[in-house]
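**Student:** Shown below is the structure under consideration.
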Amino acid sequence: FTKFAPRLDVSSMEEFCSFGPGPKNMVLALWKAKRLDDEEVVARIAWLAKNADAEFAKLGLAFPYQVKDGRRRPLTAVDMEHSLCYFSRYLSAHDKLRAAGAATVYRMLSGPVTSKSCPRPSIKWLSTLTANTAADRCRS
C-alpha cells in the first residue's frame, strides 16, 4: 500500500477503518448481536485483526502474511474490513445462487476461464447473480 502512497502512516490503519454494510453485517453475525454502534463495529474489526494470530493458531491455520525485510506485516483493521467485505460478498453470491445457479456458473464459465479465453469473474459480479439469472449473465 505504501508503494502507492509513500507518505501514508500505515500505523493509523491498525485500529481504525471505515466500513460498509457488508463488514458491519459480518461483525453482527460473528458476535450474534442485533445492533452495534459504529465505534463498537470498528473496535470489533480491530480486535479481529489484533487477535488474528491466536485465532488462526486455534484452528491450526498458517496465515500467509506479507513479508517485508524478513518481517511479517501484521493485519490491520483495514485489512480485516476488506476481508469481511469480500466474505459478505461470497455469502451473498452463495445465498442468491444456491446449488442450481452455482452449477450453471461453473458449467458455463469453468472451461473458458481455465483456457483463459475469458477473465475470471470478480466476486462483485458473481454476487449480482441469482439462480434464475446465472445462465443469461454468463453468456454476456
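The values are calculated or read from the model by the stated rules, or taken from the named source; none is laboratory data. Just so it is clear, the structure is predicted and the values come from calculations on it, not from any experiment. Methodologically, a virtual Cβ is constructed for each residue, glycine included, from the backbone with ideal geometry; neighbour enumeration extends over all protein chains shown. Just the protein is used for accessible areas: all its heavy atoms, side chains included, with ligands, DNA and RNA removed. Shrake-Rupley method; radii C 1.70, N 1.55, O 1.52, S 1.80 Å.
**Student:** Carbon and sulfur together cover what percent of the accessible area of the chain at a 1.4 Å probe radius?
**Tutor:** Numbers: 5820 of 10170 Å².
C and S atoms contribute 57 percent here.
**Student:** Under 13 Å between C-alpha atoms is the cut-off here; go through the chain and count lysine pairs that meet it, provided they're at least eight residues apart or on different chains.
**Tutor:** Numbers: Lys3/Lys68; Lys24/Lys32; Lys24/Lys34; Lys96/Lys124.
Qualifying lysine pairs in the chain: 4.
**Student:** Could I ask something else about it? Compute the accessible area per residue over the stretch 60-107, keeping the other protein chains in place, probe 1.4 Å, unit Å². Write down the numbers at each step before the final one.
**Tutor:** On the way: 3490 Å² over 48 residues.
For the stretch 60-107, the per-residue accessible area is 73 Å².
**Student:** A further question on this structure: Using Cα pairs closer than 8 Å and at least 6 residues apart in sequence, work out the relative contact order for the stretch 30-85, in percent.
**Tutor:** Details: 29 pairs, mean separation 22.2, N = 56.
Computed over the stretch 30-85, the figure is 40 percent.
**Student:** Next up: Tell me the angle of helix 21-30 to the major Cα principal axis of the chain, expressed in degrees between 0 and 90 and rounded to the nearest ten.
**Tutor:** Long axis of 21-30 versus the principal axis of the chain: about 70 degrees.
**Student:** What is the angle, in °, between the Cα long axis of helix 77-114 and the longest principal axis of the Cα atoms in the chain? Nearest 10 is fine, range 0 to 90.
**Tutor:** The helix 77-114 is inclined about 20 degrees to the chain.
**Student:** Something else now. What FRET efficiency comes out for Ser12 versus Tyr86 if R0 is 30 angstrom and r is the Cβ-Cβ distance? Round to the nearest 0.05.
**Tutor:** Working: r = 22 Å, r/R0 = 0.74.
It comes to 0.85.
**Student:** Quick one: if the Förster radius is 25 Å, what FRET efficiency do Asn132 and Ser110 give, using the C-beta to C-beta distance and rounding to 0.05? Before the final figure, lay out the partial values.
**Tutor:** On the way: r = 20 Å, r/R0 = 0.81.
After rounding, the FRET efficiency stands at 0.80.
**Student:** Quick one: 3J(HN,Hα) in Hz for the stretch 62-71, Karplus 6.51/-1.76/1.60 with θ = phi - 60°, rounded, Gly and Pro as x.
**Tutor:** 10, 6, x, 5, 6, 10, 9, 6, x, 10
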